[in-house]
Amino acid sequence: MPDLSGKVALVTGASRGIGAAIARQLAACGAAVAVNYAGSESAARALVDEIVADGGRAVALQADVSSPEAAVALVEGTLEALGGLDVLVNNAGITRDGLIVRMSDDDWGSVLDTNLTGVFNVTRASTRHFMKQRSGAIVNVTSVIGLVGNSGQANYAAAKAGVIGLTKSIAKELAGRGVRANAVAPGFIETDMTAKLPEALRDGALKEIALRRFGLPEEVASAVAFLASDDAAYITGQVLAIDGGMTFC
């Protein structure tokens, strides 16, 4: 397990699913964790209580990352509550699926605002601190949909592809200050969202996955912890697909 003892991590969209698994894993590796949530306060506070009960440090911080002002307040709140910031995991995301011919401006804009602009907002708010301390690790959660696209998810695919470009750009910008930026691209992961998929769709998806199973949130979290740690000190600007072999061709 990577060693993050003495580090402080901020995980956006961490109240449930992949984000919650990431927060748990970073805490298990020794990091103090700021658990960001937009609206699920009870779930975020339950996760904080769980981490504290296991001997870790954590705090729940509300913020809508699509707001630049809220992103700044989130970073400042992390610094104030936990005394620093060493790891940023941009995980917050939403879906508003639909065929492009019927996709509304609001469905397009809200997904881009949260899934792409939100990553920009929190990263920008963190950058000055990272540059000043001449260290930091940024891990952005994109998706295999950002690599290959998907019918009915033009907004989501565009946002997640944008996160990949953003990750590579900030990796180049910040490398000289000792700051690394990488991304993970999960495929089909067992979450509340995938559990609601029709059986026929699940069966079709499994046929596209070389390992013939969906992934677990903990498997994504383990990869994030590695990229956040000094074990990955010579890795930056990379996108790691965690998809069971769905996209390796």
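Throughout, read-outs are computed from the coordinates displayed, never taken from laboratory work. Since this is a predicted model, take the numbers as computed values, not measurements. For neighbour counting, all protein chains shown are included, and Cβ atoms are generated from backbone atoms with ideal geometry for every residue, glycine included.
Taking a Cβ cut-off of under 12 Å around A228, the surrounding Lys, Arg, Asp and Glu residues balance to a net charge of -2, with basic ones at +1 and acidic ones at -1. Here the simple spin-label model places points 7 Å from the Cα toward Cβ, and for K207 and F248 these points are separated by 2.1 nm. The Cα atoms of region 80-176 define a convex hull whose projected area, averaged across directions, is 6.8 nm². Summary value for the chain: 20 percent relative contact order, contacts being C-alpha pairs under 8 angstrom separated by 6+ residues.
The relative contact order of region 1-76, computed from alpha carbon pairs under 8 Å that lie at least 6 residues apart in sequence, is 28 percent. Give me the base-10 log of I(q)/I(0) for region 177-249 at each q in 0.17 Å⁻¹, Debye formula, one uniform scatterer per Cα, rounded to two decimals. So the normalised log intensities work out to -0.69. The eigenvalues of the Cα gyration tensor, multiplied by 5 and square-rooted, give region 56-95 an equivalent ellipsoid with semi-axes of 18, 12, 9 Å from largest to smallest. The radius of gyration of the Cα set in region 1-140, together with its Dmax, comes out at 15.2, 51 angstrom.
Counting charges near K168 (Lys, Arg +1; Asp, Glu -1) among other residues having Cβ under 14 Å from its Cβ returns a value of +2.
How much length is gained if the chain between E199 and D230 is pulled fully straight, taking 0.36 nm per residue apart and subtracting their Cα-Cα distance, in nm to one decimal?
Working: separation 31, 0.36 × 31 = 11.16 nm, distance 4.11 nm.
Taking E199 through D230 to full extension adds about 7.0 nm, to one decimal.
Computed 3J(HN,Hα) for region 98-115, one whole-Hz value per residue from the Karplus formula 6.51 cos²θ - 1.76 cosθ + 1.60 where θ = phi - 60°, is x, 5, 4, 5, 10, 6, 7, 4, 5, 5, 5, x, 5, 5, 5, 4, 7, 7, glycine and proline marked x. 3J(HN,Hα) couplings calculated from phi for region 173-186 with the Karplus curve 6.51 cos²θ - 1.76 cosθ + 1.60 (θ = phi - 60°) are, in sequence order, 5, 9, 4, x, 9, x, 9, 9, 9, 9, 9, 10, 10, x Hz; Gly and Pro show x.
What FRET efficiency comes out for M1 versus S169 if R0 is 30 angstrom and r is the Cβ-Cβ distance? Round to the nearest 0.05. Mind showing how you got there, number by number?
On the way: r = 31 Å, r/R0 = 1.02.
Approximately 0.45, to the nearest 0.05.
Normalised by 2.2 N^0.38 Å, where N is the number of residues, the C-alpha radius of gyration of the chain stands at 0.95. Close amide H pairs (under 5 Å, H built 1.01 Å from N) link A241 with A185, residues at least 5 positions away or on another chain. Amide hydrogen proximity for I189: with H placed 1.01 Å from N in the peptide plane, the residues at 5 or more positions away or on another chain lying under 5 Å are G215.
3J(HN,Hα) along region 53-67: 4, 8, x, x, 10, 7, 8, 9, 10, 7, 5, 8, 5, 6, 9 Hz, from the Karplus curve 6.51 cos²θ - 1.76 cosθ + 1.60 with θ = phi - 60°, whole Hz, x for Gly and Pro.
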